[in-house]
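Each value in this text was obtained by applying a stated rule to the coordinates, not by laboratory testing. Owing to the predicted nature of the structure, the values given are computational and were not obtained by experimental measurement. Cβ coordinates were reconstructed from backbone atoms using ideal geometry, including for glycine residues, and neighbour counts include every protein chain displayed.
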């Protein structure tokens with residue numbers, strides 16, 4: 001069991017969306033803010049929003065290990081960093097990177 005920075009009982013209802021997203025443990029465990037986010041076609045294996053969230057400084061080795069990520073509700077992620085809320089309505093195939101001023105800037109999604 002992972003030790004998330006915000007305890008389950010401290011999560012507040014911020015948005016009315018119970019779909020899930022995949023989040024780096026750099027955010028959920030280490031408390032970093034979202035530095036990079038993208039939306040892909042949702043997985044059919046769970047109630048997926050298609051959103052993926054990263055602190056933005058994860059190494060390739062970190063990202064290659066699925067144990068370094070967790071599936072949580074979008075509302076949970078918004079408790080960690082509510083600056084993403086304005087972007088959650090974006091279509092699939094979009095990516096945003098936080099600039100030095102703390103604003104998300106749209107980027108081309110790198111399809112690997």
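A quick yes/no check of all residues on (1) closer than 23 Å to residue 95 by Cβ; (2) in contact with a helix residue (DSSP H, G or I) (Cβ under 7 Å, 6 or more places away or on another chain):
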position	(1), (2)
4	no, yes
10	no, no
21	yes, yes
52	yes, no
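Among 41, 27, 71, 15, which is over 16 Å from residue 109 (Cβ atoms) and more than 11 Å from the chain's Cα centre (by Cα)?
15
Just to check your reading of the model, which residue among 35, 56 is on the phi > 0 side of the Ramachandran plot and in contact with a strand residue (DSSP E or B) (Cβ under 8 Å, 6 or more places away or on another chain)?
Numbers: 35 fails: on the phi > 0 side of the Ramachandran plot.
Being on the phi > 0 side of the Ramachandran plot and in contact with a strand residue (DSSP E or B) (Cβ under 8 Å, 6 or more places away or on another chain) holds for just one of 35, 56, which is 56.
Please note which helices (runs of 4 or more DSSP H) are completely contained in the range 1-104 and include at least 1 residues that are surrounded by 13 or more Cβ atoms within 10 Å (Cβ to Cβ) and in contact (Cβ under 8 Å) with a residue 60 or more places away in the chain.
Counting at least 1 such residues, we get 74-80.
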